[in-house]
Each structure stands twice: as structure tokens, then as C-alpha cells.
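The values are calculated or read from the model by the stated rules, or taken from the named source; none is laboratory data. All values derive from a computational prediction rather than experimental measurement. Reconstructed Cβ throughout: ideal geometry from the backbone, glycine too, with neighbour counts over all protein chains shown. Heads up: the accessible areas ignore ligands, DNA and RNA and are worked out on the full protein's heavy atoms, side chains in. Shrake-Rupley method; radii C 1.70, N 1.55, O 1.52, S 1.80 Å.
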Amino acid sequence: MKIGKYEIKHPIIQGGMGVGISWDKLAGTVSFEGGLGVVSGVGTGYYQNKEFAHKLKKNKPSDALNFYSKDGLTAIIKNARKICGDAPLACNVLYASNDYGRIVTDACEAGANIIITGAGIPTSMPKFTVDYPDVALIPIVSSARALKLICRKWKRYNKIPDAVIVEGPLSGGHQGFSYDDCAKEEFQLEKIVGPVIEEAKNWGDFPIIAAGGIWDKNDIDKYMDMGCTGVQMATRFIGTFECDAHANFKKVLMDAKPEDIKLFKSPVGLPARGVQTKLQ
């Protein structure tokens, strides 16, 4: 799978997961093994026991500058590089983040090869990577209409996506749908992939990557047979030894039953999927 100037040996992207789930160990190892490891840019002030949050309040990073720490993100990417060397490495930056552009630029400066953005329609994404022309850009969309809008807006930057992730409502992250639409048949991944592939043909030749509920080889084969170049998998990586999450968090996921998975409202106001526990 080729994304921009970067060759990915295996057609698998490890989805970005914050806070502290996909940082240096997981992302670095996935890239080392030939997939595309993705560092999450969310909550980097918590990295290494809040070492890089320069101001705390009640033992938590104070304000946006410390919840997201540039020094923390730089350290995460640097440490991931110690694992994966020169292999392609990505950073996921939520479009809904405070000062989105600053985080994208920081990730590029720290050495990320690829930026992935969802949690909104990133119409201004290329604006923040002008000084980093080799950095590949991947927006996450949930419809052909969203891809069309992005490509139209990116014309002002003389840029098209280097790849597109099309994400259905079974993902473990932010949903590009309303709560009600998440359950409707017409919005399921297998229904929206085809129209996105067709829309992409109007703009250029770039990979389409399926995401949201991809669990095993059967799922990978299914979507590649439909015309996708690869897949993104996130939750599937949480149970691994290399995942940066705490062991207790991993256990919650590994012990979860299908009926425990619910839709919630995330801190950025979008529907998000998670595990119902006694704390909720």
C-alpha cells in the first residue's frame, strides 16, 4: 500500500487511540512490523506520568496547552522512532482539537510522515503542512459527500488526499453519524464504501481504506474484495502486549461482551462507542 511517497508493507493501519492507548510502544511496533503505526495526538500532557505537562491543577494537566503538550508529542514520536527506525509513522490529530493546526505542525516538526484526521471534516488540513510537502495527509470520512467537500476545499491548496479512510458506525472512536443513523442499514460500512470509492475516482488515484468494526482476516478480505486498498484496525490492537494502555483497561476490553458495547457522547460532542462499566 502506497500512501504519498511511503510504502506500507502490510495493508493495515493501526487506528489512533487516545489518551495513552496508541503512543510510542504500540505505534512504533506496528510500523516496525510493516503496518502503519499511528501515534495519537490527544492528551500528550499525560505521557510518562505527566512529565511534559508544565502546569498541573489537582494533579491534572491545566488548560489546553498542558493537556496537549508539544514536548510530550515530540517525546512520543522520538521514542516510537527508536522502535521503528525509518519506517513510515503517522500521527492522528482530531479536527475538533483546540488549536488543531498547531498540533498538526508540531507532529510534522517532530517527524511524523503521515497525518490522519477525523472528528470533523478537515477542510483546512493542507494549510498547516505547507512547510512539510513530504507529509502525507489522510482525512477520515463517513460519506462520499464528505470526500467531495474535502476535495473541493483542498483545491485552493492544489492538494488531494494521499489516502482516505472511510469509517462506518461500528468504530470504537468518534462517529460521523447521528446517534439514530448509527443503527441504520444505509450507513453501515459495507454500504458507504462503494460510493466513496466511486467519488474518489473523480479526483485522482489514491487508496481507500475501510475502518470501523474490522476485526479479522475475513473482514480485511471482504473490504479489499470490494475495492479498498487496505483497512484500519484500532480496538483489535488494545489487547496486545505492546499497547500503551494500562493492563486494567486492556482487561475491560478483553472481558467485554457484545451487549456491553454502547454509544456514548464523547468530550468533543460526537457519538462515540465504548464499554459500559459500573463507573458509567
Can you put Leu137, Leu149, Leu279 in order of accessible area, largest first, using a 1.4 Å probe?
Leu279, Leu149, Leu137
Largest fluctuation, Ser178, Ser31, Ser40 only, Gaussian network model of the chain with Cα springs under 10 angstrom, belongs to Ser178
Carbon/sulfur fraction of accessible area - segment 161-280, other protein chains in place, 1.4 Å, %:
55
Of all the accessible heavy-atom surface of segment 1-137, with the other protein chains kept in place and a 1.4 Å probe, what percent is carbon and sulfur?
51
With 29 Å as the limit, write out which pairs from Lys184/Lys217; Lys70/Lys250; Lys70/Lys159; Lys2/Lys82; Lys5/Lys60; Lys127/Lys251 have Cα-Cα distances beyond it, or answer none.
Lys5/Lys60; Lys127/Lys251
Could you calculate the FRET efficiency of Asp216 with Asp134 from 1/(1 + (r/R0)^6), where r is the beta carbon distance between them and R0 is 51 Å, rounded to 0.05?
0.90
What is the gain in length, in nm to one decimal, between Arg145 and Asp180 on full extension, counting 0.36 nm per residue of separation less the C-alpha to C-alpha distance?
10.7 nm
In a Gaussian network model over the chain where Cα atoms closer than 10 Å are linked, find which of Gly35, Gly85, Gly16 has the largest mean-square fluctuation.
Gly85
Can you pull out the trypsin sites (Lys or Arg not before Pro) in segment 183-280 whose DSSP state is coil and whose Cβ has at most 16 other Cβ atoms within 10 Å?
Lys184, Lys201, Lys278
The extension gain from Lys78 to Lys50, computed as 0.36 nm times the residue separation minus the Cα-Cα distance, is 8.4 nm
With an 8 Å cut-off on Cα pairs and a minimum separation of 6 or more residues, tell me the relative contact order of the chain in percent.
17
With every protein chain kept in place and ligands, DNA and RNA left out, what is the accessible area per residue of the chain? Probe 1.4 Å, answer in Å².
49
Output wanted: per-residue J couplings in Hz (rounded whole) for segment 228-243, from phi through Karplus 6.51 cos²θ - 1.76 cosθ + 1.60, θ = phi - 60°, x for Gly and Pro.
6, 8, x, 9, 10, 10, 10, 3, 4, 7, 5, x, 7, 4, 6, 4
At 7 Å along the Cα-to-beta-carbon direction for both Ser62 and Tyr157, put a label point, then send me their distance in nm to one decimal.
3.4
How would Tyr223, Tyr6 line up by accessible area, probe 1.4 Å, largest first?
Tyr6, Tyr223
Just check segment 1-82 against the gyration tensor rule for me: Cα atoms, a ≥ b ≥ c as the square roots of the eigenvalues, rounded for a/c under 1.5, and otherwise prolate or oblate depending on whether a/b exceeds b/c.
prolate
Here the gain from full extension of Glu7 to Asp71, 0.36 nm per residue of separation minus their alpha-carbon distance, amounts to 20.2 nm
